[in-house]
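The values are calculated or read from the model by the stated rules, or taken from the named source; none is laboratory data. Everything quoted here is computed from the prediction, not taken from an experiment. For neighbour counting, all protein chains shown are included, and Cβ atoms are generated from backbone atoms with ideal geometry for every residue, glycine included.
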Amino acid sequence: MGYTCLSNELEARMSRNGLIVELVKKIEEVLFSDHESAKIMTQELLELSTEEKNAFGLFKANNFLGVICSERGLVDEALNYYSVAMSYTIFDALEKEKPVLLNNIGTTLADRSNYFEAIENFTEALAIIYEKGFRKDLIFTLNLNIAASYLQINEPDEALKLIDEAMKYFDEQSVEDLTEMLGLLADAYLKKGDSEKAYSNILRCEEEAQKSNFATMTGLVEYYKAKYFELTEDFEAAETFYWKVLSVQLQNEPFYYFNKVAKDYIHFKINRKQYTKAIKFIHRAIEIAERKNWTWVISDYYRYLSECYKQTENWPDAIEIMSRYFALDLEQKKNQYGHLYQCFKVQEKVLKMNLANKSLYDSVDRAKTFNHIISQINRSEDLTTLIYDQLSELKSLFKIDTFALGIYNSAERRIEYVLKYENGERAPTSYVDYDNLRSFSNWVRMNDQPIIIDDIDDLEYIKAHYPNVKTSKDDIINTGNYSKSMVIWPMRVEGKSIGLINCQAIAENTFSTFDLELIEMLASHLAIAQENHRQKKELNEAVERLNKLSYIDGLTGIYNRQALNEYMPELYSKAIAEESNIAFAMLDLDNFKQLNDQYGHQEGDHCLSAFAALLVDTIGNLGHIYRYGGDEFSMVFIGVELAVVENVLKEVISKSKAFYMLGGLVPITASIGAIFMERGKEKTLSLTTFINYADNALYIAKSEGKCNFKKVVL
């Protein structure tokens, strides 16, 4: 009876495994044509495979979900599913699927403009194919995908080499493959500035696209034509073809390359200083991106929009959009960290499900500790406090005695160890000059590769692997710990190294392969956290600069009317409260309209700038100077003896008599009306009434003759 039960159980399990295979086939049939049906069946596949602990089904389900999310523009979710699927390729039966998955990941990364990471994934897929000999059908596609990514980082020569390599595997029966390859050739020659070869390939690409009715490629041909005419400076034709490819997509469903074309079109408009038109188009592009969930590209559109607003001196909107840009960028990075964290959690489950020995369970427990550290990094805005709080866990996780974080400072040409803990104590900031070629840290910076040393006393190994660094024991033994084991790993973010982490242990052979994987991930997360901190600091500084610019008159360089409206109420209230002297003066240039009418606005602008310089030179630090508007200026004096203020204003009148005259015909002078309040004694007087006194005094001064001064004393 026992054998019968076992046989029935096996038969049932085989039946369910067969159902998994059938589901996979059904999903593959509708994956790109019916996302909704594919998603429903994939969820069924995921539940059944989880119940059966079927690695094949789990791999396929997560890969399918990645494709579905990628097609819908949910890039972060897609990468999350792909990463989970990758966890199952540790099984021999699924190893051959790894190049497919790496290609999917690379394509998704390229869609979100992470071209360096995309190239890494495509290249790794090719390396596996060449080494293992399976999935050679992907070689053509992978080479073209790498070429396309190189074109996006403006490396056309590298792209052409890869297109040549792809041609070796080209299927002459595939019109679509030929069309895509010709399009990339056209793009490469456009980027090289070779208009003749570019146009030749554009025409060939157009011919093949028409043969195959390849709709997406037909649109790209129009885009390549726009780039060609932009290259040859036929801007009217470029505008026509840009709009030909974009207008259809603005009205209907956009193709996958919409953002690529849109961003080049925005550059085209900005380069031609057509900022208003660029702003209008960018808003439409943002609407499409929001509708399609293309969150990764919205931050780029915000950046372009902010630039256009700055060029049109629309400072409030520029500040608002820049703030949105940094907020969205920070949110996207946090979402990415969350996905990475979830992926690592899944990898824990895979290890526990399939690897049962004690040492591997120990690795899973350590992964939990690592996950906790990563989650803290993702939430932290202060790395200094974070590292101190997590120090005991770091020491326990890696069995280290020293942990340090160094940041590259190219301006000062040195590595700055901003954080260093040795035996639980924080060491002061230390520096390694870029010229110090005997430093391990500098070797990591120059080679952008980690240093891994199991025994610092093995000088032969060190000389062989890191020549010209440490060449004797005297070079190594220093103050502090004599560390036998050392790992120094570069901190990279978005393809660029920004610093390094330095882990050292007194014992030799401390770091396992698993440790190195964790240290690499730790370096990556710390790099992202450090970059976020830098960007936040830059945002605050940028907002501060923009705020200042919004209060500065672009012509004269002094404060503007907006600044007066912002600062004057506080200055007035403070003077009243502290019973300080306060004076406010309105100044109007005499004969300025005649100057403008007779000699033009350019001469008028020159006059205004010269007079602003006169005011700054005469008043100095005694008061605040504002351009009130047109040819009117205002001055505020707080806590200054009123007699001194009167003498200064009369000096301005005196200097104005000879400061500007064209041909002896149009003398420019100044008239001033002022209000003086001694010790802020009129406490019930409103600011509006106070300013009106000065305005009325100016009116009287102008009516009694030019180059005149009138005051009201309260």
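A count restricted to the range 610-644 and to residues that are in contact with a helix residue (DSSP H, G or I) (Cβ under 8 Å, 6 or more places away or on another chain) and part of a strand (DSSP E or B) stands at 12.
Here LEU500 qualifies as in contact with a Ser or Thr (Cβ under 7 Å, 6 or more places away or on another chain), assigned by TED's automatic domain parsing to the domain that holds SER392 and of a type in the set (A, V, I, L, M, F, W, C). Taken over the range 226-272, residues that are farther than 21 Å from SER70 by Cα and among the aromatic types (Phe, Trp, Tyr) amount to 8. Please specify each residue of the range 265-280 satisfying the condition of being in a helix (DSSP H, G or I) and either hydroxyl-bearing (Ser, Thr, Tyr) or touching a helix residue (DSSP H, G or I) at 6+ places or on another chain (Cβ under 7 Å) (or both). Matches in the range 265-280: TYR265, ILE266, PHE268, LYS269, ILE270, TYR275, THR276, LYS277, ALA278, ILE279.
Under the condition of being within 25 Å of GLU253 (Cβ to Cβ) and at pLDDT below 80, which residue from the range 48-76 is surrounded by the most Cβ atoms within 10 Å (Cβ to Cβ)?
It comes out as VAL75.
LEU587: hydrophobic (A, V, I, L, M, F, W, C) and in a helix (DSSP H, G or I), yes or no? Answer is no for this residue.
Tallying residues that are assigned to a loop (DSSP other than H, G, I, E, B) and at negative phi within the range 486-531 yields 6.
Within the range 645-667, if we keep just the residues that are hydrophobic (A, V, I, L, M, F, W, C) and in a loop (DSSP other than H, G, I, E, B), the residue that is surrounded by the most Cβ atoms within 10 Å (Cβ to Cβ) turns out to be PHE659. Filtering the range 414-436 to residues that are out of contact with any Leu (no Cβ under 7 Å at 6 or more places or on another chain), at pLDDT below 85 and assigned to a strand (DSSP E or B) leaves LYS420, GLU422, GLU425, ARG426. Name the one entry in GLN598, GLN602 that is in contact (Cβ under 8 Å) with a residue 60 or more places away in the chain, surrounded by fewer than 18 Cβ atoms within 10 Å (Cβ to Cβ) and not assigned by TED's automatic domain parsing to the domain that holds PRO316. Sole residue among the options that is in contact (Cβ under 8 Å) with a residue 60 or more places away in the chain, surrounded by fewer than 18 Cβ atoms within 10 Å (Cβ to Cβ) and not assigned by TED's automatic domain parsing to the domain that holds PRO316: GLN598. May I ask you to list the residues in the range 439-456 that are loosely packed, with under 14 Cβ neighbours inside 10 Å and either modelled with pLDDT under 85 or assigned to a helix (DSSP H, G or I) (or both)? Of everything in the range 439-456, those that are loosely packed, with under 14 Cβ neighbours inside 10 Å and either modelled with pLDDT under 85 or assigned to a helix (DSSP H, G or I) (or both) turn out to be MET446, ASN447. Within the range 104-125, the residues that satisfy the criterion of being more than 21 Å from the chain's Cα centre (by Cα) and surrounded by fewer than 21 Cβ atoms within 10 Å (Cβ to Cβ) are THR123, GLU124.
Whether a residue is touching a helix residue (DSSP H, G or I) at 6+ places or on another chain (Cβ under 7 Å), more than 28 Å from SER299 (Cβ to Cβ) and free of Cβ contacts under 8 Å to residues at least 60 places away in the same chain was assessed, and LYS26 passes this test.
All conditions but one from (1) at pLDDT below 80; (2) within 29 Å of the chain's Cα centre (by Cα); (3) part of a helix (DSSP H, G or I) apply to ARG13; the one that does not is (2).
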